[in-house]
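Peer 1: Take a look at the following structure, please.
The values are calculated or read from the model by the stated rules, or taken from the named source; none is laboratory data. Just so it is clear, the model here is predicted, and its values are computed rather than measured. Counting neighbours? That spans all protein chains shown, and the Cβs are built from the backbone with ideal geometry, glycine included.
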2 protein chains.
Amino acid sequence: MSGKSTDGTVVAGVDVGGTNIEVGLVDGDHEVVAREKAPTPTSGPDGVFDTIAELVGAVGGDPVAVGVGIPGVVHEGQVLTVPNLEGWSAEVDLVGGLSSRLDAPVTLGNDANVGLLGEWVAGAAKGARDVLGLWMGTGIGGGLILDGRPYEGSRGSAGEIGHVLVQPGGALCSCGRRGCVEAYAGRRMMSGAASAMVEAGWKTHLFEIREDEDKPRLTSKVWATALDEEDALAEKLVGAAVEHLGVAVGSVVNLLDVELVVVGGGLPEKLGQDLADRVEAAARPWMLRPEPHPTD
Amino acid sequence: MSGKSTDGTVVAGVDVGGTNIEVGLVDGDHEVVAREKAPTPTSGPDGVFDTIAELVGAVGGDPVAVGVGIPGVVHEGQVLTVPNLEGWSAEVDLVGGLSSRLDAPVTLGNDANVGLLGEWVAGAAKGARDVLGLWMGTGIGGGLILDGRPYEGSRGSAGEIGHVLVQPGGALCSCGRRGCVEAYAGRRMMSGAASAMVEAGWKTHLFEIREDEDKPRLTSKVWATALDEEDALAEKLVGAAVEHLGVAVGSVVNLLDVELVVVGGGLPEKLGQDLADRVEAAARPWMLRPEPHPTD
C-alpha cells in the first residue's frame with residue numbers, strides 16, 4: 001500500500017505495541033490513507049527505531065510530522081519505563097533516536113493516552129467530557145479525558161487501569177503484584193495461563209491455530225480464531241478477562257463518574273462491538289449508578 | 001461557645017453526617033471561631049432542617065452565607081440520593097427547606113467534595129494539583145482535585161472511592177454489592193461486623209465502652225477508646241479496614257497518579273496521623289510507582 005494525501009499534508013502516526021509496530025499515514029480529515037506494519041524487534045530501542053524509520057519510509061507520503069505512541073510512561077519527552085517491551089530497561093531518548101533517522105519533527109506520548117486523544121478528537125469519544133479509554137493488548141492500558149481535557153496525572157502516568165486491583169492477592173501480574181486486572185485480561189498473561197493449563201491437561205486449539213497462522217505467539221488473531229471455533233479454553237480465559245475488566249470498569253465508573261468508556265486494542269478490533277458489549281454487561285452490576293447515562 | 005468573627009464577616013459551614021450534624025462558624029482567615037453539634041435526627045429531611053437551623057442559631061455570629069455538605073449525590077442544587085441517612089428516600093430540596101428557616105443564602109455540595117475543597121483552599125492539600133480525599137465516617141466518601149480544579153464527574157457523583165471494589169463478591173456493602181471498600185472500612189459496616197462476631201462468640205469491650213460513654217452506636221470515639229485499650233476485636237476490624245483502604249488507594253493512585261492523598265473523617269480525627277500512616281503503608285505495596293512522590 002502506498003500513501004496518498006487528500007490535501008497534500010499528511011502526518012504519520014506510529015503505534016509501538018508489544019507484538020507489532022504499526023504506522024498509519026493520516027490526512028487533514030483524520031482519515032488513515034495508508035498503513036504498514038512489522039513485528040516489534042526484541043533487541044531493544046535501536047532495533048525499534050530502525051523499524052519505525054523503515055515503516056515511515058514504506059508508508060510514503062512525506063509526512064510533515066511523526067507522532068509516536070509507546071506502551072510506557074512518558075514524561076517531558078522521555079520514555080521513563082516500558083514494562084511490556086523487551087530490552088527497554090532504562091530511560092530512552094526516543095525523540096532523539098528517531099529524529100536522527102527521520103526528516104520530520106517527532107512527538108511522543110503514552111500509547112493509551114494518545115490513542116484516546118485520537119478517539120476524542122476524531123473518533124468514538126468525540127464531544128464527550130469525561131471518558132475512560134481501555135486498551136486491551138499485550139498488557140491493559142488506559143487513558144482519561146476528564147472535564148473536557150486529557151488528564152495525565154502528576155507524573156504523566158495516569159490512566160493505568162491495567163493496575164487497578166480486581167482480586168488482591170490473586171493472579172500474578174507482569175508488574176510483580178497479584179490481582180491487577182492486567183493479570184487476567186492482558187494478552188501476555190492470558191497466553192501464560194493458556195500454556196500452564198495445557199501443561200495441566202486442558203485441551204485447546206490455541207497453539208495449533210498459532211502454528212497454522214505462523215504466529216510467534218498467541219496474537220489477537222489467534223484468540224479470535226479460537227473463539228470462532230468455540231474453543232472451550234479460549235472461551236474460559238476470555239470470559240475471565242471480561243469478568244475482571246467489568247470489575248475494574250465498575251470501580252472506575254464509581255470513582256470518576258465518566259459518561260463513556262471506549263474499549264480498543266488488538267482483541268477488541270478483532271472481536272468488534274461484541275467484546276465492548278460483554279465488558280459493559282460485566283461492569284454494569286458493579287456500578288453504583290448505572291442510570292441515567294449508560295456507558296458503552 | 002459563641003461565635004465571634006475576626007473581621008466582622010463570617011460564614012457557617014454545616015457538616016451533615018450519618019451520626020452528627022456539626023456547624024462551624026468560619027472567619028475570613030478560614031479559622032473556625034465557633035462550633036456546635038447535635039445528633040442527626042432519624043426522622044427525615046424536616047428534622048434535619050430544624051436541627052441545622054437551631055445549630056446555626058446557637059453558633060451565633062450572624063453568618064452572611066451557609067454552606068452545607070451532605071453525604072449524598074448533589075446535582076444542580078438538588079439532593080439526589082442519600083444512602084447513609086434514615087428517611088431520605090427521594091429527591092430533597094435542601095436549599096429551599098433551609099432557606100425558609102435561615103436569613104442567609106444557602107449553598108450545597110456533597111460532603112466529601114466540599115470537605116476536600118476546604119482542605120485544598122486552606123488546609124492539608126493547599127497548592128496541590130492532583131489530590132484524592134478519603135473520608136472515613138458512617139460510610140466511606142471521597143473527593144477529587146484533578147489538574148488543579150475540583151472534579152465532579154458527568155453527573156456530579158465522582159469521588160466515590162467507597163465503592164471501589166477491593167474484594168469482588170466479598171463482604172456485603174450498604175449499596176447492595178459485595179466487596180466495595182466501604183463494606184470493610186465504613187463505620188456502619190464495621191459495627192455490623194462487630195455485632196455479628198460477638199454473636200459468634202468473640203469477646204470485645206466495644207459495646208461496654210459504648211454504654212459507658214452513653215453513645216447510641218459505635219461512634220469513632222468508641223472505636224478510638226477500644227483501640228487505646230488494645231481491644232483485640234477492634235484492632236482486627238480496624239486492621240482489616242486499613243488493609244482494604246490500602247488496596248483502594250493503591251488502585252486509585254495507579255489510575256489517577258495523584259500526588260497527595262488526604263485522609264479525614266471521624267475515625268482519622270480521633271486517631272490522628274497514625275491512621276493516615278497506616279493507610280499509606282497498606283497502599284504502598286499496591287502502587288505501580290511509589291516513587292518519587294510519596295503520598296500522605
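Peer 1: For the range A:16-27, name all the residues that are buried (at least 20 other Cβ atoms within 10 Å of the Cβ) and touching a strand residue (DSSP E or B) at 6+ places or on another chain (Cβ under 8 Å).
Peer 2: Residues satisfying the conditions are A:V16, A:T19, A:I21, A:V23, A:G24, A:L25, A:V26.
Conditions tested, residue by residue: (1) in the same structural domain as A:T42 (by TED's automatic domain parsing); (2) without any contact (Cβ under 8 Å) to a residue 24 or more places away in the chain; (3) within 27 Å of B:P168 (Cα to Cα).
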site	(1), (2), (3)
A:V181	no, no, yes
A:G186	no, no, yes
A:L206	no, no, no
A:I209	no, yes, no
A:P216	no, no, no
A:T219	no, no, no
A:W223	no, no, yes
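Peer 1: Let me ask something additional. Collect the residues in the range B:119-149 that are part of a loop (DSSP other than H, G, I, E, B), in contact with a Phe, Trp or Tyr (Cβ under 8 Å, 6 or more places away or on another chain) and within 11 Å of chain A (Cβ to nearest Cβ), keeping them in residue-number order. Let's see the steps before the verdict.
Peer 2: First pass over the range B:119-149, keeping only residues part of a loop (DSSP other than H, G, I, E, B): B:123-130, B:137-139, B:147-148.
Next cut, in contact with a Phe, Trp or Tyr (Cβ under 8 Å, 6 or more places away or on another chain) only: B:126, B:128, B:147.
Residues satisfying the conditions are B:A128, B:D147.
Peer 1: Also: On the given criteria, is A:E280 in a helix (DSSP H, G or I) and either surrounded by fewer than 17 Cβ atoms within 10 Å (Cβ to Cβ) or assigned by TED's automatic domain parsing to the domain that holds A:D147 (or both)? Reasoning before the result, please.
Peer 2: Numbers: in a helix (DSSP H, G or I): yes; either surrounded by fewer than 17 Cβ atoms within 10 Å (Cβ to Cβ) or assigned by TED's automatic domain parsing to the domain that holds A:D147 (or both): yes.
Yes, satisfied.
Peer 1: Tell me, which residue of the range B:153-175 that is in a loop (DSSP other than H, G, I, E, B) and aliphatic (A, V, I, L, M) is farthest from the other protein chains (Cβ to nearest Cβ)? Please lay out each step first, then the result.
Peer 2: At the first step, the residues of the range B:153-175 found to be in a loop (DSSP other than H, G, I, E, B) are B:153-160, B:164, B:166-171, B:173-175.
From what's left, aliphatic (A, V, I, L, M): B:158, B:164, B:166, B:171.
Details: B:A158: 4, B:V164: 4, B:V166: 6, B:A171: 13 Å.
Result: B:A171.
Peer 1: Could you list all residues from the range B:57-112 that are under 21 Å from B:W135 (Cα atoms), in contact (Cβ under 8 Å) with a residue 60 or more places away in the chain and not aliphatic (A, V, I, L, M)?
Peer 2: B:P71, B:H75, B:P83, B:N84, B:D111
Peer 1: Give the number of residues within the range B:28-55 that are within 18 Å of B:V114 (Cα to Cα) and surrounded by 20 or more Cβ atoms within 10 Å (Cβ to Cβ).
Peer 2: Residues that pass the stated criteria total 1.
Peer 1: Let me ask something else. Regarding A:E230, is this residue at pLDDT 95 or above and at positive phi? Steps first, answer last, please.
Peer 2: Working: at pLDDT 95 or above: yes; at positive phi: yes.
Yes; evaluated as a whole, the condition is true for this residue.
Peer 1: Regarding the range A:286-296, can at least one residue be identified that is in a helix (DSSP H, G or I), at pLDDT 95 or above and more than 20 Å from the chain's Cα centre (by Cα)? Steps first, answer last, please.
Peer 2: From the range A:286-296, those in a helix (DSSP H, G or I) are A:286; that's our starting set.
Still in the list and also at pLDDT 95 or above: A:286.
Those left that are additionally more than 20 Å from the chain's Cα centre (by Cα): A:286.
Within the range A:286-296, one or more residues are in a helix (DSSP H, G or I), at pLDDT 95 or above and more than 20 Å from the chain's Cα centre (by Cα).
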